[in-house]
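I have placed the structure first, in the form of structure tokens, so that the comments after it can refer back to it.
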Amino acid sequence: MAIRFPELGFYTLPGRVSDPRPMLDELADAERLGLGSAWISERQDVKEAAVLSGAATVATREMAIAVGVTNPNTRHPVMTAAIGSTASSLGGGRFALGLGRGFAMRSDMWGLPRVTRAMLADNVHLLRRLWAGEKVMGHDGPAGKFAYLSLDCTVDPPPPLLVAALGPKSQELGGRVFDGILLHSHWTDAAVAACAARARGAAERAGRDPGAVQVWSCLVVACDLPEEVELRHVVRRMTSYMQIPGYGELIVDANGWDRAVLDRLRAHPVCQRGLVDAMQLSADDLRSLRDVYPDSWLRESNAVGSPEQCARRIADQFAAGAAGVVLHASAPREMGRLLDAWAAIRPAERFAGRSPVPGRS
């Protein structure tokens, strides 16, 4: 169960699921294969991040557990801080917490304030103060107005904080304030490079060490899989994001792609039936969606093909400036040959002595 690849993580329970228990098998497979971190994406169904983080922490011994991500407007800051202190203490410092803005429409429906970049930054400052054992009195800022906040404990080391950053301004915020940045899936190498440069520049202007802010890319992987599985992992997942107003535009714009393709995709008869991740789709449905995409979109923003081809795509993300790569869509049991191929070309000296905890050097 030794960590062989601290620079690589994987998303557990990707997409829409009805049963969280397969996570335990995924974690066992991932730790056996030597992956450095398991990332938990939160949904308000059976994927509540705090519960899954606790379960994942006790189910593993060496892997880092990272929430990627939760929204700061759904919990009181002390409750968010308590998740970090509890999970970090439970796992011996193996926990990292990711924050993101989420969907403005959902915040409106729930009667919550929309998450702004100022709110994210204010929450970061509060969390760090609380984990340092400070008693925060008379706080009045974007995160809220609080007479008194305290955890009555000190967390050492405190969990690194990462931000999900789709747009340039959020990426700059990551460089100024956070320990790391988590990119969305389907980012091309050029988009990863632009984010890394943007984050480093913002960190330097803020008087921080630009090399200390980690950029984690998210790479959808379908390595040596049957066509129908590959279609589910790549085309279905990509389309589920492209359907979301605002998300699709941010991905397309970050990659310098043509928005006309996005319009054609959303007008496709399959997409007109509803959200693709909530429907039963046939292989023919997925093939028809695949045919809307230019081949370059699928090839340049995912890792598809032989183990050697997929390993080179991982290398490309690191060459573009990523500090870590989260492997997405595929389960660890589908990654064995890919990780063997990665080990054959991996620059071991670059990752020697590195912590598997995202955001921690």
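Laboratory data are not the source of any read-out in this text; all were calculated from the coordinates shown. Just so it is clear, the model here is predicted, and its values are computed rather than measured. For neighbour counting, all protein chains shown are included, and Cβ atoms are generated from backbone atoms with ideal geometry for every residue, glycine included.
A few points about this structure:
- Considering helices alone, the calculated mean residue ellipticity of the chain at 222 nm is -12500 deg cm²/dmol, with DSSP H runs of length four and up weighted by -39500 (n - 2.57) and normalised per residue.
- FRET efficiency for the pair residue 90 and residue 16, taken as 1/(1 + (r/R0)^6) with r the Cβ-Cβ distance and R0 = 30 Å, rounds to 0.60.
- Model label zone, residue 337; criterion: amide N under 19 Å from point 7 Å along Cα-to-beta-carbon; scope the stretch 309-325: 309-315
- Residue-by-residue Karplus 3J(HN,Hα) for the stretch 16-22, coefficients 6.51, -1.76, 1.60, Hz, glycine and proline x: 8, 10, 10, 9, x, 5, x
- Computed over the stretch 103-254, Kirkwood Rh from alpha-carbon pairs, angstrom: 17.6 Å
- Cα shape, the stretch 225-304, gyration tensor, a/c 1.5 rule: oblate
- Residue among 67, 212, 235 farthest towards the positive dipole end of the chain, charges placed on Cβ: 212
- Computed about its Cα centre, the charge dipole of the stretch 202-361 is approximately 440 debye, with only Lys, Arg, Asp and Glu carrying charge at their Cβ.
- Partners for residue 145 among lysines (Cα-Cα distance below 27 Å; same-chain residues under 8 apart left out): 135, 169
- For the stretch 1-146, the square roots of the Cα gyration tensor eigenvalues, ordered a ≥ b ≥ c, give a/c of at least 1.5 with a/b no greater than b/c, which places it in the oblate category.
- Compactness of the stretch 85-176 is given as radius of gyration and Dmax, 14.3, 38 Å, from Cα positions.
- In this calculation the C-beta distance from residue 349 to residue 118 is compared with R0 = 35 Å, giving a FRET efficiency of 0.30.
- Descending by average beta-carbon neighbour count within 10 Å, the peptides 205-211, 40-46, 326-332 line up as 326-332, 40-46, 205-211, the highest first.
- The chain: Cys lacking any partner C-beta under 4.7 angstrom: 153, 195, 218, 271
- Between residue 288 and residue 79, the contour length at 0.36 nm per residue exceeds the alpha carbon distance by 70.7 nm.
- Anisotropy class of the stretch 287-361 from Cα gyration tensor, a/c 1.5 cut: prolate
- Spin-label model distance (nm) - residue 134 vs residue 44, 7 Å beyond Cα toward Cβ: 3.1 nm
- Each label was represented as a point 7 Å from its Cα along the Cα-to-Cβ direction; for residue 227 and residue 156 these points are 6.0 nm apart.
- Counting beta carbons within 10 Å around each of 33, 112 and listing the fewest first gives the order 112, 33.
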